[in-house]
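Scroll down for the structure; my scribbles are underneath it.
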Amino acid sequence: MPNQISHYTPRGRHANEIVADVERAIMCGELRPGAQLPTVRALANELLVSPTTIAAAYRFLGLRGLVRSEGRRGTAVSAAPPVGMRAASAVPAGAHNLLTGNPDAALLPNLCQHLQHLKLAHRLYGEATNLPDLLALATRDFAADGIAADHLAVVAGALDGVERVLQAHLRPGDNIAIEDPGYPPIIDLTSALGLVPISVRVDDFGPLSEDFEAALRKGAKAAIVTPRAQNPFGSALTEVRARELRGLLKSYPAVLVIEDDHAGPVASAAAITLSGARRDRWAVIRSVSKWLGPDLRLALMAGDPLTISRVEGRQGLGTGWVSHILQRLVLALWSDRKVVALVKKARETYAARRLTLVNALAKHNIKAYGYSGLTVWVPVTEELSVVQNLMQAGWAVAGGERYRIKSSPAIRIGVGALRTEEMASLAGAVAHGLSPAHRSHSA
């Protein structure tokens, strides 16, 4: 989001007081994401305190993920600071909501039918935290894709798994390779953990090898890779690209590799991994949210023994375990032949919707990307005007700035619930919102 000029001035005599005041201002909406804070020197003069005090406050706010340093441009509130904030405005009534990467509810299984037949019993303290039958099913699923599954954990969704793995191995100030464009919650999460992102560009086939190598040389302690259905670009690893990246990683065996396979079987691309027994630290996380339902906060994680041990150990100190009600429901759904058939239909449907929209845009000479997954990425020159023009035409799409670190402007279109008969109208609206001078043909 564009930087905003703020009339707010932090208050306090000590660093901790200034930090508390900034956090309060963010929580109550006085400071919005992207708002600029005063420079260190200007605020020191305003509050009559040492610049060292202001620098310490800003440094701590940065470690908390509340603000980000923008070099010579100063310090600004993070795009998604990790505090409770006022909810964003809803999509106007009547507009097509293509902002999210949600799956189509019509392609998700009927939960009520399975809940009615689910045999539930109380799970008590001290009993096994994970269902053996669910772990066995996950083991077969991972093994079918060549992923070692000797060590497994059950976590509360893909992002929960990513956060737990990062906390198990990294510390504030560590460098981390991040896909660019990438998924905003991943970018925001790494910021909240005090990690330093290194931008790695992507194309249809995953992270670019030259950028990935550069990130490793810059000292990246970890890399987060989306093996398929990359959000927002739609990348999916090919064996050729994966072989290149695995070759680069051989020289850096201690680098932690996290694979966020959030779409799983509806990604409409083969599961190809960078991880395995030859890596010291790795984790592959598969969520059920896109093919069984977002409200089923559950993901399976395979990884090296130390990573899984640390994840489960920390989990035991907090939430303890993922509810066995959820585990049993996921097991029942995953084992049902009718659900498996519905997942196959969803995979084929999403692939057709992406391709149809990309082709409809191509008829207007608009380049778009959507090799896999539930989103289409359309490069533009200026995001805000295109988003506004589409909103006026009744289409709510996302501006690309929240997804980008250094990559070029674009808009993101969620195709999960987009109907085939709507594609031509949407493509026409995009074309109308783009004058020839505003079109871009590069990512």
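For region 119-335, averaging the sequence separation of C-alpha pairs within contact (under 8 Å, six or more residues apart) and dividing by the residue count gives a relative contact order of 25 percent.
Label region 259-400 by shape, choosing from rounded, prolate and oblate, from the square roots a ≥ b ≥ c of the eigenvalues of the Cα gyration tensor; if a/c is under 1.5 it is rounded, and otherwise prolate applies when a/b is larger than b/c, oblate when it is not. Prolate, because a/c is 1.5 or more and a/b exceeds b/c. Largest GNM mean-square fluctuation among His169, His122, His114, using the chain with Cα springs under 10 Å: His122.
The value of relative contact order for the chain, using C-alpha pairs under 8 Å at least six residues apart, is 17 percent. Over the C-alpha atoms of region 119-335, the Rg to Rh ratio, Rh being the Kirkwood estimate, stands at 0.95. Ranking of Cys112, Cys28 by neighbouring Cβ atoms within 10 Å, starting from the fewest: Cys112, Cys28. Of Tyr125, Tyr350, Tyr58, the sequence from fewest to most neighbouring Cβ atoms within 10 angstrom is Tyr125, Tyr58, Tyr350. By the Kirkwood approach, averaging reciprocal distances over each pair of separate Cα atoms, the chain gets a hydrodynamic radius of 23.2 Å. When Ile272, Ile258 are arranged by Cβ crowding within 10 Å, least crowded first, meaning fewest neighbours, the order is Ile272, Ile258.
Considering only DSSP beta bridges whose two residues both sit in the chain, what percent are antiparallel, to the nearest 5? Close to 55 percent. Distance between the 7 Å Cα→Cβ label points at Ala79 and Cys28: 2.8 nm. Taking the DSSP bridge list for region 119-335 and keeping only pairs wholly inside it, about 40 percent are antiparallel. Take every DSSP beta bridge whose two residues both sit in region 179-273; close to 25 percent of them are antiparallel.
In the chain, if the dipole is taken from +1 on Lys/Arg beta carbons and -1 on Asp/Glu beta carbons about the Cα centre, which of Leu107, Asn45, Gly62 is farthest to the positive end? Most positive-ward Cα: Asn45. Dipole check for region 319-366: with +1 at the C-beta of Lys and Arg, -1 at the C-beta of Asp and Glu, and the Cα centre as origin, the magnitude is about 160 Debye.
Which of rounded, prolate or oblate describes region 165-219 when judged by the alpha-carbon gyration tensor and an a/c cut-off of 1.5? It is oblate, given that a/c is not under 1.5 and a/b is not larger than b/c. Projecting label points 7 angstrom from Cα along Cα→Cβ for Ala424 and Asp133 puts them 4.9 nm apart. Taking the helices alone, the chain has a mean residue ellipticity at 222 nm of -11500 deg cm²/dmol, built from -39,500 (n - 2.57) per DSSP H run of at least 4 residues and averaged over all its residues.
Where a number appears in this text, it was derived from the coordinates with a stated rule and is not lab data. Predicted, not measured: the structure shown is a model, and the values here were computed from it. Note that we place each Cβ from the backbone using ideal geometry, even for glycine, and neighbour counts take in every protein chain shown.
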